[in-house]
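Reading through the structure tokens given below for one structure.
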């Protein structure tokens, strides 16, 4: 399949990993030679219950036997979508009760930005340097990494950038600002957490000037940090919450959530303020509903913090300079991008899937399924340490 993959399926980089997949189950992905790979990435945080979780598969199959797509979003009452948005509301603050379902996280970002402009009548958007919110034109406009944007300019006008965790920059949020959009935990930058009550201070400044706060929980959401949403760690409730990835349980989904009062602004003046054909697709909503129930009705979230501590206890090595993040949203930081690249590629050869982060070249992503067992964590960490030992020995010999 590889020649067809490279010639006929458009690629995102010149050098894709190009592992040909046979099947996946639990914490493992298998190639066409039936070689198992322990998955420490979970589809870049998109498979919180691992691969083919029985309850997710059952929900999908049941819905397939009833109906697939029947109408564009928002016209017909379709039980999976209604039950999903109702359950989300149950687990969110009272100011976040109305959810618009989309096809992806980046589409949800687009909807959130539009809603902020529609609500405030303002155009200025404040985003963070080293932020990543998706790759469509609006989401790219609020990406704080010029190297990835330059070829596609002009983008949205009136976007300004501040440094995450820099309180001196908060005065840039003024009565001209429609919204501030931040990742609750910066992902592509290297899993950077807010410090010293930073998000609370952003919230306060937004309230002072009448700007909306959008928090992007596409990566940290749905149990990955040990709480259902990352913002629950930081005493900060957004005006608009954006989610995706893990909500779908392995199926494509995004969502943005706000108060009913705000969300009704997309219904009129103009009508169809935001529209999608396949958002809220019944099969995907059924998968998401089963995923959300499993995360909220089991001990998965409290176990996440215990598993984080196991990772931190095991992953001690001279070539690990730092472990960033929280819960099962962790990043190993190595001394160089060369060490990081070698570690990721050699671990794949050894049967362990790791991955890069977008902007921090020295970071190694560890974001396994929440369902991963302690034994699987120990197995994967043993592989990481063995590879690091090889790299350390080779580095010392070359001196």
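If you scan segment 335-349, which residues turn out to be farther than 12 Å from residue 40 by Cβ and surrounded by fewer than 20 Cβ atoms within 10 Å (Cβ to Cβ)?
First pass over segment 335-349, keeping only residues farther than 12 Å from residue 40 by Cβ: 335-342, 345-346, 349.
Within segment 335-349, 335, 336, 337, 338, 341, 342, 345, 346, 349 meet the criteria.
Could you check segment 319-362 and list, in sequence order, the residues that are over 29 Å from residue 34 (Cβ atoms), assigned to a strand (DSSP E or B) and without any contact (Cβ under 8 Å) to a residue 24 or more places away in the chain?
Answer for segment 319-362, where residues must be over 29 Å from residue 34 (Cβ atoms), assigned to a strand (DSSP E or B) and without any contact (Cβ under 8 Å) to a residue 24 or more places away in the chain: 322, 323.
Among strands (runs of 3 or more DSSP E) lying entirely in segment 3-105, which contain 2 or more residues that are within 26 Å of residue 132 (Cβ to Cβ)?
Working: elements: 21-25, 28-31, 36-39, 98-102.
Per the criteria, 21-25, 36-39, 98-102.
Inspect all residues belonging to segment 227-244 and state whether any of them is closer than 20 Å to residue 139 by Cα, out of contact with any strand residue (DSSP E or B) (no Cβ under 7 Å at 6 or more places or on another chain) and touching a residue at least 12 places away in the same chain (Cβ under 8 Å).
Narrowing segment 227-244 to residues closer than 20 Å to residue 139 by Cα: 238-244.
Keeping just the survivors that are out of contact with any strand residue (DSSP E or B) (no Cβ under 7 Å at 6 or more places or on another chain) gives none.
No: zero hits.
Working only within segment 154-177, note down all residues that are in a strand (DSSP E or B) and within 15 Å of residue 204 (Cα to Cα). First the steps, then the outcome.
Here is the first cut: in segment 154-177, the ones in a strand (DSSP E or B) are 159-162, 177.
If the condition is that a residue be in a strand (DSSP E or B) and within 15 Å of residue 204 (Cα to Cα), then 177 is the only one that fits.
How many residues are buried (at least 16 other Cβ atoms within 10 Å of the Cβ) and at positive phi when one looks only at segment 45-68?
Restricting attention to segment 45-68, the residues satisfying the condition of being buried (at least 16 other Cβ atoms within 10 Å of the Cβ) are 45-51, 53, 56, 59-60, 63.
Going one step further and asking which of them are at positive phi, we end up with 45, 50.
Total satisfying the criteria: 2.
If residue 369 satisfies all but one of (1) surrounded by fewer than 19 Cβ atoms within 10 Å (Cβ to Cβ); (2) modelled with pLDDT of 95 or more, what's the number of the condition it fails?
(1)
Has segment 247-262 got any residue that is within 21 Å of residue 197 (Cβ to Cβ) and surrounded by 24 or more Cβ atoms within 10 Å (Cβ to Cβ)? Steps first, please.
Residues of segment 247-262 within 21 Å of residue 197 (Cβ to Cβ): none.
No: zero hits.
Given the conditions (1) at pLDDT 95 or above; (2) within 23 Å of residue 348 (Cβ to Cβ); (3) surrounded by 12 or more Cβ atoms within 10 Å (Cβ to Cβ); (4) more than 23 Å from the chain's Cα centre (by Cα), report the number of the one that residue 41 does not fulfil.
Status for residue 41: all satisfied but (4).
The values are calculated or read from the model by the stated rules, or taken from the named source; none is laboratory data. All values derive from a computational prediction rather than experimental measurement. Reconstructed Cβ throughout: ideal geometry from the backbone, glycine too, with neighbour counts over all protein chains shown.
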